[in-house]
Each structure stands twice: as structure tokens, then as C-alpha cells.
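The values are calculated or read from the model by the stated rules, or taken from the named source; none is laboratory data. If you're wondering where the values come from, they're calculated on a predicted model, not measured in any experiment. Neighbour counts run over all protein chains shown; Cβ positions are idealised from the backbone, glycine included.
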Amino acid sequence: MPSPDQSEFLFVTAIDHRIDFVRQIVGVTDGSPTAADLERGAQLEGIVFAGLAAAVEAGLPKSQTAVWAEPELGEAVLLRGRGMSMPTIASVERPNSGRFQLKNVLGFTERLKKLDASFAGARFIHTVGGEISEKEANLQTLRRLSEVSRSEGPPLLLELMPSPRSLQSGDITGPEGLLESLRDLQDAGVEPAIWVFDAPASKKMAATLAAQAHVDDRNGLKVLFGIAQDSKKSIDTAVQEKMITQAARTPGVSGILIGPGAYARVLRDYHTGKIGREETVEKIADAVGSIGKRFIEALATSDIS
């Protein structure tokens, strides 16, 4: 498989809290998970990483292939990634906390340095409209995270997610909302090293998002488009192919983020005993590796220099 320079692209496989391994895969629905439940969740994250490692062995360029995990269940995944000299992203925000909050406001960089993480990772929904006080608090926290990441490291990867709120709430949703949110964050001084956006269906919007991320000579950063983000939906191969090709051929886009839609169903089959570990790892490796291969092929046939 051809391997372009590292500056040209980056693959990220997300094994972070966008999918709750304990509740969505193990099936804990009531109360707090037990130690055994947490151990099983961590084990399942390790299975996904094993699939990613197998994809690297099969030809996915290791130096451009990153893994994103949360440090609680995914500490072993992050350490194994660094042991393989693979770029790693460690989550720093509190999931499901209402407003954007860091897990450890004062010491998150120290923990990430102990894990030797390549990037601090955060996911954020910024609504255009809504409560001003909430927006200001979120922007202040993100600006602080951005500043600390630039001054102390590791650098920040920030995934900006579309608002789930309805248009009746006064918010702008979908790709247009993402674009407005991106502008708001840039105006507020939030400057990550990598932006991640859900892959837009529109070619024009894809180009507009990427261009806005690089506006005013912000040329040192990367932009990734996310695919297979929904762990509950089967992947539409034709739609996914279109998204991969569009990402590869959009000026200013450096790569793709592969979400749990690429592995969740296989992992559920493994957890319920329908398939064994070896088959599970092979299927995950094939899913991740084929996405990477198609992106590289689309990049090679693109007219973008």
C-alpha cells in the first residue's frame, strides 16, 4: 500500500466514549457497572485495538494511523499504541456532563504526558443560539484547553459535532450550524492542531468547512472528516464510499476519523459468543483497513496537489 508523507493525511480510529462499551456492548443498563463489567469493557476496547494493529500489519501506514481512547477504560490501548510508535489521542472532557467540562482542569496535561499521548482529544457541541451564559462558559473552558495545549502540550484535537437540537429552539443545525460554530470558536481564540467534523453530504459544504478551518493563514493544522459515527446503524457501503472519496478530494482535508459504526456490530457478535476473538479481530482489521485503503486510492487519483 502506498504511503504518502505524514503531512498529507491521518487516520484516526475512535475507541473513546462516543460509544459506551459497558452499556452499549456489555449491556449494563441499570445502576453502576461492577468491576467485572468495567474489566469486560476494557477488554472489548482492546479487541478493537487488536483489529487496528492487524490493519497496520496488513499495510495501513503506522505513522499516520492514530487511535483515540478515553484514559479510564482505554489506558492499556493508549499505552499499547505508543508502544507501537502509533500516534495516540486521549480524551480530556467529561462525557454526558451537560456543559463542556474537563476531567481534571489543573492536571490533565500531566496525566496525558504520563500516557505519552500525542494529542489531547475533546468532542464538543456548540449551539448557534441557546443560552448565552452556557455558551460563554463552554467557550471559556475550550479557550483555556486550547491555550494550555499550545503552551504545555500535547496539542489539541477538537471534534466539533452538529447540534441535536431542533430548529424551533433557535439553533442552526446540520452543516450550516457546524460552520457557524467553527467561526464562533475561532473568534473566541480556540485553535486546535486538528479539527474533526462529520463528513458533509454536500461537496460544497465539505470544501467550505475545510476552507474556514484554514482561514487567515491557519495552514499548520489538519482537518479530518468523520465517517461511520453511529454505532447503532449498519454502514451503507455506497454512502461510505462517497464520503471517503469526497474527504480525499476536498482541499485542506488531511484524513478521516473512523467511528464505532465500523466495528460495533462485530464486537456485539463477539461479546454474545456468535464469533470468536480471531474472527472478530480479522473483521475489524478488514473494516478499518479497507477504509484506509480506499482513502489512499482516492487521494492518489485526486487532482489536489
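Per-structure values
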item: Residue match in region 216-228 (condition: more than 13 Å from the chain's Cα centre (by Cα), at positive phi and surrounded by fewer than 24 Cβ atoms within 10 Å (Cβ to Cβ)); result: yes
item: Some residue of region 49-72 being in contact (Cβ under 8 Å) with a residue 40 or more places away in the chain, part of a helix (DSSP H, G or I) and under 14 Å from P260 (Cα atoms); result: yes
item: From P95, P71, P61, residue being closer than 29 Å to T272 by Cβ, at pLDDT below 95 and out of contact with any His (no Cβ under 6 Å at 6 or more places or on another chain); result: P71
item: Cβ pairs under 7 Å, 6+ apart, first in region 293-305 and at pLDDT 90 or above, second of a type in the set (K, R); result: A298/R249
item: Residue match in region 154-176 (condition: surrounded by fewer than 16 Cβ atoms within 10 Å (Cβ to Cβ), of a type in the set (A, V, I, L, M) and either at pLDDT below 75 or more than 20 Å from E72 (Cα to Cα) (or both)); result: yes
item: In region 1-17, the residues that are modelled with pLDDT of 90 or more and either out of contact with any Phe, Trp or Tyr (no Cβ under 9 Å at 6 or more places or on another chain) or acidic (D, E) (or both); result: D16
item: Tabulated pairs, region 75-86, first touching a residue at least 40 places away in the same chain (Cβ under 8 Å) and crowded, with 20+ Cβ neighbours inside 10 Å, second among the hydroxyl-bearing types (S, T, Y) and not in a helix (DSSP H, G or I), C-beta under 9 angstrom, 6+ apart or interchain; result: V77/T88
item: Candidates T301, T272, T280 - the one that is of a type outside the set (A, V, I, L, M, F, W, C), more than 18 Å from Q64 (Cα to Cα) and surrounded by 18 or more Cβ atoms within 10 Å (Cβ to Cβ); result: T280
item: Residue ID - surrounded by the most Cβ atoms within 10 Å (Cβ to Cβ), chosen from residues in region 47-74 that are touching a helix residue (DSSP H, G or I) at 6+ places or on another chain (Cβ under 6 Å) and over 17 Å from G289 (Cα atoms); result: A69
item: Members of region 105-153 that are at pLDDT 80 or above, assigned to a loop (DSSP other than H, G, I, E, B) and not acidic (D, E); result: L115, A117, S118, G153
item: In region 234-254, the residues that are outside any helix (DSSP H, G or I) and either in contact with a Pro (Cβ under 8 Å, 6 or more places away or on another chain) or free of Cβ contacts under 8 Å to residues at least 12 places away in the same chain (or both); result: D236
